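Structure record follows, encoded as structure tokens.
The values are calculated or read from the model by the stated rules, or taken from the named source; none is laboratory data. Everything quoted here is computed from the prediction, not taken from an experiment. Using ideal geometry, Cβ is built from the backbone for each residue, glycine included, and neighbour counts are taken over all protein chains shown. The protein model used for the area step is the full one, side chains on, heavy atoms only, and it has no ligands, DNA or RNA in it. Shrake-Rupley method; radii C 1.70, N 1.55, O 1.52, S 1.80 Å.
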Amino acid sequence: MHPLLARPSRLLLYIVFWLVVGLVMAAGLRFFQPRPWFDAIVFAVPMAVFYGFVCLSAWWVCRAQPLTSGHGLRAAVMQLGGASQASAVWVAAATLWEVFLSARLGIGLDRAGILRDVAVLFVLGIPAFLISAVAHYLFLAFQASHAAERRALEAQVSAREAELRALRAQLNPHFLFNSLNSINALVGTDPEGARRMCAGLGDFLRRTLALGSRDAVTLGEELELVERYLGIEQVRFGDRLRVEQAVDAAASGCQVPPLLLQPLVENAIKHGIQDRIDGGTIRIEARREGTLLRVVVENPVDGDAPSRRGEGVGLENVRRRLDVFGARDAQLAASRGAERFRVTLTLPALAGEPAAANRV
């Protein structure tokens, strides 16, 4: 079906356009052969609307002969042939209509006048059909461009989803290795601790799969996952690992990408707690500041240790998560002081589920 016929509003506008063309054509016919306005309008307006529908046949000609590279001449010949045939059909219909008006209603011209009218229509019909063909080619080009844009967007969405799935699947193997080694070491000396660590690891992995399958989670849910992770690490490090949290209730209900904070906390343990004899305190802060959500993760650093080059896999993973999340205002800033390493996340404060109570 022609796309114009699929929507009544478009069809109505198209008919109105050809009614106007019919009025203009009536004025032109009066210029070639003087006649009353009524006679000219009764003949020209129905013929103009009729030819408007004939010109719709250019749609199928354009689809059968697209303007592809190396086929322009063939398309032009096909359109000229279609224009000639359409104009001939128009002349035949106009001749019958004018004969009917003259014989039945007693209006119109004599035979010589009818011949002049149909000759004018034939000459006008060819460029009118070609103009219709050009309009159809433009419409087809617009459709092709729109379809290509839609395919490009679909490809971007597919690539985004694939990257997001890959990012969600990333779990530092060192964490698993360390956890399993710790469980193995505890089996002989502290079976109860080994059991708790196994249970905590299973619960953490199960929770990771549940949250990782979602497009976004609330900060409160993300912090619950972090608490499970810290519970596992607490078995490994004991009193060497201390945690402080200060999270506003308004911040807890904001949406964040899933599995966003775990790499930051893992980095904080790996570079701030693991190599220090006395361990240290990891501090997690979150607050809502107007339309922004700000999350801070801090860990101690060894002032005598050399600065690491680059940001490492953990921070790069978080940056990519923010990009995939599609947050235009999302930022990650990392800074190292004399005693503390600080990572600050800034995201749009998108409301999610009701906020939880303050965490201190």
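Among the candidates Ala268, Ala246, Ala251, which residue alone is in contact with an Asp or Glu (Cβ under 6 Å, 6 or more places away or on another chain), touching a residue at least 40 places away in the same chain (Cβ under 8 Å), open to solvent by less than 60 Å² (accessible area, probe 1.4 Å) and on the phi < 0 side of the Ramachandran plot?
Ala246
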- Item | Filtered residue count, segment 212-255, keeping only those that are among the small types (Gly, Ala, Ser) and more than 31 Å from the chain's Cα centre (by Cα) | 4
- Query: Somewhere in segment 47-61, is a residue over 38 Å from the mean Cα position of the chain (by Cα) and either modelled with pLDDT under 90 or of a type in the set (Val, Ile, Thr) (or both)?
  - Reply: yes
- Look at segment 69-93 and say how many of its residues are buried (at least 18 other Cβ atoms within 10 Å of the Cβ) and among the charged types (D, E, K, R). 0
- Just to be sure, is Arg10 assigned to a helix (DSSP H, G or I), of a type in the set (Lys, Arg) and within 26 Å of Gln143 (Cβ to Cβ)? yes
- From the options Leu209, Leu205, Leu225, residue that is in contact with a helix residue (DSSP H, G or I) (Cβ under 6 Å, 6 or more places away or on another chain) and on the phi < 0 side of the Ramachandran plot: Leu225
- Task: Among the residues of segment 54-77, write down those that are in contact with a helix residue (DSSP H, G or I) (Cβ under 6 Å, 6 or more places away or on another chain) and closer than 13 Å to Ile126 by Cα.
- Result: Val54, Cys55, Ala58
- When you look at Ala6, is it open to solvent by less than 70 Å² (accessible area, probe 1.4 Å) and either at positive phi or in contact (Cβ under 8 Å) with a residue 12 or more places away in the chain (or both), yes or no? no
- Task: For segment 209-231, state whether one or more residues are open to solvent by 40 Å² or more (accessible area, probe 1.4 Å), touching a residue at least 60 places away in the same chain (Cβ under 8 Å) and over 23 Å from Phe177 (Cβ atoms).
- Result: no
- Flagged in segment 282-296 as open to solvent by 10 Å² or more (accessible area, probe 1.4 Å) and not basic (Lys, Arg), in numbering order, are Glu285, Glu289, Gly290, Thr291, Leu292
- Given (1) more than 15 Å from Val61 (Cβ to Cβ); (2) open to solvent by 60 Å² or more (accessible area, probe 1.4 Å), where does Val134 come up short, assuming only one miss? (1)
- Task: Report the residue count in segment 25-68 for those that are hydroxyl-bearing (Ser, Thr, Tyr) and open to solvent by less than 20 Å² (accessible area, probe 1.4 Å).
- Result: 1
- Query: Can you tell me which residue in segment 106-126 is most open to solvent (accessible area, probe 1.4 Å), limited to those that are touching a residue at least 40 places away in the same chain (Cβ under 8 Å) and assigned to a helix (DSSP H, G or I)?
  - Reply: Arg116
